[in-house]
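Following: one structure in structure tokens, then a few remarks.
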Protein chains: 2
Amino acid sequence: MTPTITAFEASPDRGKGQARDMRVRWALEEVGQPYDVRLLSFRQMKEPAHRALHPFGQIPTYEEKGGLALFESGAIVLHIAQQHAGLLPRDAHARARAVNWIFAALSTVEPPIVERETAWFVERDKPWYAEHAPMLDERVRKRLGELSARLAGHEWLDGAFSAGDLMMVMVLRRLSSSGLLQEYPNLHAYVARGEDRPAFQRAFAAQLAVFTAAAAKG
Amino acid sequence: MTPTITAFEASPDRGKGQARDMRVRWALEEVGQPYDVRLLSFRQMKEPAHRALHPFGQIPTYEEKGGLALFESGAIVLHIAQQHAGLLPRDAHARARAVNWIFAALSTVEPPIVERETAWFVERDKPWYAEHAPMLDERVRKRLGELSARLAGHEWLDGAFSAGDLMMVMVLRRLSSSGLLQEYPNLHAYVARGEDRPAFQRAFAAQLAVFTAAAAKG
């Protein structure tokens with residue numbers, strides 16, 4: 001049963017692994033599950049055929065032959081982690097806490113990071129951006145400081161590496177080019193530890209290959 | 001085994017049920033699980049004792065005697081739904097899709113709504129707010145339009161009422177005083193259907209009673 005995921009035909013991040021299919025690729029690599037990829041143009045993502053699969057017209061989606069279709073990266077990673085060994089602890093309490101960290105990454109840490117990114121895209125030519133941008137940086141720093149304090153002295157968020165760490169590392173990686181992560185050395189090292197995992201490396205190479213091929217085609 | 005949740009001693013929304021403990025109260029009421037509430041002042045939420053439970057210094061938290069402690073409303077609602085019948089379908093695929101909607105509510109629909117709220121709190125006295133606010137409204141409308149199209153003709157998001165609907169209704173309710181929800185009559189009716197459920201009513205009354213008691217005490 002090889003699942004099919006969707007990804008950008010030409011990722012806007014130029015192969016830096018910031019698109020959300022990277023989260024799903026990494027999870028699939030961690031559990032050793034091969035997968036197929038269907039590439040979509042920006043136009044195709046907004047067409048009814050894809051909207052039927054993803055109501056918000058984005059990537060990734062996840063389809064199992066003959067049945068299940070999902071469209072939120074958090075739900076897809078959780079589903080993969082529940083179906084295979086390797087991404088969630090066996091102990092029921094530890095398992096629930098790992099799932100808690102998936103939600104913390106997506107619901108508490110990621111929103112101010114996306115807000116900061118979005119402002120750069122849509123407000124950077126506005127006269128107010130110089131005053132607004134530092135406010136958005138502070139909002140990100142607040143969460144990073146709290147997360148850094150919790151992680152202090154630990155390799156991963158709660159015992160062994162889990163789907164919660166996978167999602168948190170992916171969310172924090174969005175700050176790679178911002179300089180903000182470096183202000184919290186233990187978070188910076190945490191992200192590097194995630195990126196060093198062989199499964200991350202394989203997933204990263206796979207998404208980069210898509211971008212490189214698209215760039216070569218012009 | 002009665003779990004304990006935390007909530008605001010005096011909710012900043014003055015009992016309108018917008019604080020995130022309402023999500024957990026509603027889930028517990030849907031499955032018929034009694035619960036205890038520990039009330040916290042704003043000062044207590046930021047103290048080390050609470051930070052040990054919730055690294056980001058917020059409410060709600062969820063504790064089972066002798067063990068499990070969680071702090072993200074999404075993870076808590078999912079945990080309750082997995083432990084009890086009533087909030088997730090039995091069929092494995094339908095169950096995964098319901099969980100997908102919890103993530104969609106928290107990760108795709110809620111962030112632009114919170115961003116719009118936050119701007120009102122921190123930017124409304126800034127000279128740029130008059131130009132920025134409509135941009136934030138549009139970001140919310142984009143998601144509402146897509147969600148409205150998906151819901152078209154259906155009572156709930158995917159078959160029977162689930163934890164996915166519970167979370168989506170709670171997220172959309174944040175727009176109650178904005179007028180934006182009324183632009184999408186089927187979403188407005190969807191939220192009203194959620195609010196009409198007896199379990200919602202009981203949860204709402206419980207959180208309102210906390211606020212009323214706090215206000216009477218002065």
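Here the range A:75-93 is the region considered, the condition is being facing chain B (nearest Cβ under 9 Å) and of a type in the set (A, V, I, L, M, F, W, C), and the residue that is surrounded by the most Cβ atoms within 10 Å (Cβ to Cβ) is A:LEU78. Exactly one residue among B:PRO127, B:PRO134 is more than 26 Å from B:ILE80 (Cβ to Cβ), in contact with a Phe, Trp or Tyr (Cβ under 9 Å, 6 or more places away or on another chain) and surrounded by fewer than 13 Cβ atoms within 10 Å (Cβ to Cβ), and that residue is B:PRO127. Among the criteria (1) touching a strand residue (DSSP E or B) at 6+ places or on another chain (Cβ under 8 Å); (2) facing chain A (nearest Cβ under 9 Å); (3) among the acidic types (Asp, Glu), the one B:GLU115 does not fulfil is (1). If you go through the range B:55-65 and keep only what is within 10 Å of chain A (Cβ to nearest Cβ) and out of contact with any helix residue (DSSP H, G or I) (no Cβ under 8 Å at 6 or more places or on another chain), you end up with just B:GLU64.
Residues that are under 26 Å from A:LYS217 (Cα atoms), among the polar types (S, T, N, Q) and without any contact (Cβ under 8 Å) to a residue 60 or more places away in the chain within the range A:5-45 comprise A:THR6, A:SER41, A:GLN44, listed in sequence order. Of the helices (runs of 4 or more DSSP H) contained entirely in the range B:82-159, those carrying at least 2 residues that are touching a residue at least 40 places away in the same chain (Cβ under 8 Å), out of contact with any Gly (no Cβ under 6 Å at 6 or more places or on another chain) and under 23 Å from A:ALA52 (Cα atoms) fall at B:92-103, B:129-151.
Considering the conditions (1) surrounded by fewer than 16 Cβ atoms within 10 Å (Cβ to Cβ); (2) within 9 Å of chain A (Cβ to nearest Cβ); (3) not hydroxyl-bearing (Ser, Thr, Tyr), B:GLU47 is excluded by exactly one of them, (2). Checked against the criteria, A:HIS54 does not count as assigned to a helix (DSSP H, G or I), at pLDDT 95 or above and not hydroxyl-bearing (Ser, Thr, Tyr).
The values are calculated or read from the model by the stated rules, or taken from the named source; none is laboratory data. In this text the structure is predicted, and so the values were computed from the model without any measurement. Glycine also receives a Cβ, built like all others from the backbone with ideal geometry; neighbour counts cover every protein chain displayed.
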